């Protein structure tokens with residue numbers, strides 16, 4: 001039971017760090033809560049590990065063994081346990097469902113608050129705790145078949161619920177204000193709703209009436225012009241996008257040269273220009289990497305230039 005106790009303790013200590021008046025403990029809060037989530041995952045793997053296998057599913061090193069009945073078995077070896085990527089692989093093979101998009105956002109924030117963000121506030125850490133609440137609640141209920149209030153303890157559970165509720169209410173207010181603005185494209189609004197402030201990592205981004213400023217972070221008051229919030233929010237949304245063979249949704253605009261052309265919406269979110277998506281010579285769709293201020297695909301453009309040079 002040491003793994004689950006460590007998981008509960010890590011989450012509890014992380015919440016204590018968050019509620020401390022010492023701002024230096026905010027980073028510790030993110031570390032402990034993230035560690036608690038990983039320990040919950042490892043606890044699930046330990047429960048699924050066969051008896052007398054040295055908790056094989058949580059060990060990085062696995063070795064084949066022949067038991068006394070001359071049957072091949074797999075045993076855990078050494079003290080090193082699985083990392084995040086190995087947990088993802090083993091959960092996938094075991095059909096254990098986790099919201100990895102939300103988890104990766106927590107992991108990214110935990111890393112960046114330590115190394116990149118210049119500002120740390122309780123409000124910005126609320127975002128991580130709110131996302132953690134959803135992961136923790138769903139995993140304990142669905143995968144561990146436990147009551148989170150009982151497993152985590154009433155005090156820790158109520159702290160988690162309270163932080164999540166506060167953050168969600170603030171987030172809803174931000175979205176309501178953003179939706180009042182006239183957006184060039186729905187995807188741009190979506191990207192700004194998901195955007196995390198460059199200074200503190202908070203996702204509490206709302207509109208701003210100040211001249212030359214479109215948005216402001218409610219947590220640290222960092223201001224963003226239309227150009228900056230567009231460029232940065234689209235980059236955040238699509239920087240880790242894996243197309244799996246599909247056309248990338250974001251590409252370089254042939255008119256303003258910014259990485260802001262939304263391929264499937266056929267419009268640049270920054271300059272508003274629209275490029276041709278069908279080649280007038282061959283009638284084929286123009287791939288994202290060949291979008292230009294011309295109306296030819298790359299092959300037809302090449303062939304035309306070749307003919308003209310002969």
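Conditions (1) free of Cβ contacts under 8 Å to residues at least 40 places away in the same chain; (2) over 30 Å from residue 221 (Cα atoms); (3) in contact with a helix residue (DSSP H, G or I) (Cβ under 6 Å, 6 or more places away or on another chain), marked per residue:
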| position | (1), (2), (3) |
| --- | --- |
| 77 | yes, yes, no |
| 88 | yes, yes, no |
| 92 | yes, yes, no |
| 95 | yes, yes, no |
| 100 | yes, no, no |
| 108 | yes, no, no |
| 113 | no, no, yes |
| 121 | no, no, no |
| 126 | no, no, yes |
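Set side by side, the residues 11, 58 differ, and just one is within 19 Å of residue 106 (Cα to Cα) and either crowded, with 16+ Cβ neighbours inside 10 Å or assigned by TED's automatic domain parsing to the domain that holds residue 139 (or both), which is 11.
Yes/no per residue for (1) assigned to a loop (DSSP other than H, G, I, E, B); (2) within 20 Å of the chain's Cα centre (by Cα):
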| site | (1), (2) |
| --- | --- |
| 96 | yes, yes |
| 102 | no, yes |
| 117 | yes, yes |
| 126 | no, yes |
| 129 | no, yes |
| 142 | no, no |
| 158 | no, no |
| 173 | no, no |
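Scanning the range 234-246 turns up no residue that is assigned to a loop (DSSP other than H, G, I, E, B), in contact with a helix residue (DSSP H, G or I) (Cβ under 7 Å, 6 or more places away or on another chain) and surrounded by fewer than 21 Cβ atoms within 10 Å (Cβ to Cβ). For the range 199-211, the criterion of being touching a residue at least 12 places away in the same chain (Cβ under 8 Å), in a helix (DSSP H, G or I) and buried (at least 19 other Cβ atoms within 10 Å of the Cβ) is met by no residue. In this entry, residue 187 passes the filter for residues that are part of a helix (DSSP H, G or I), touching a strand residue (DSSP E or B) at 6+ places or on another chain (Cβ under 8 Å), modelled with pLDDT under 95 and not assigned by TED's automatic domain parsing to the domain that holds residue 260. Among the numbered conditions (1) at pLDDT 90 or above; (2) part of a helix (DSSP H, G or I), the only one that residue 112 does not meet is (1).
The values are calculated or read from the model by the stated rules, or taken from the named source; none is laboratory data. Keep in mind that what you see is a predicted model, and the values were worked out from it rather than measured. Glycine also receives a Cβ, built like all others from the backbone with ideal geometry; neighbour counts cover every protein chain displayed.
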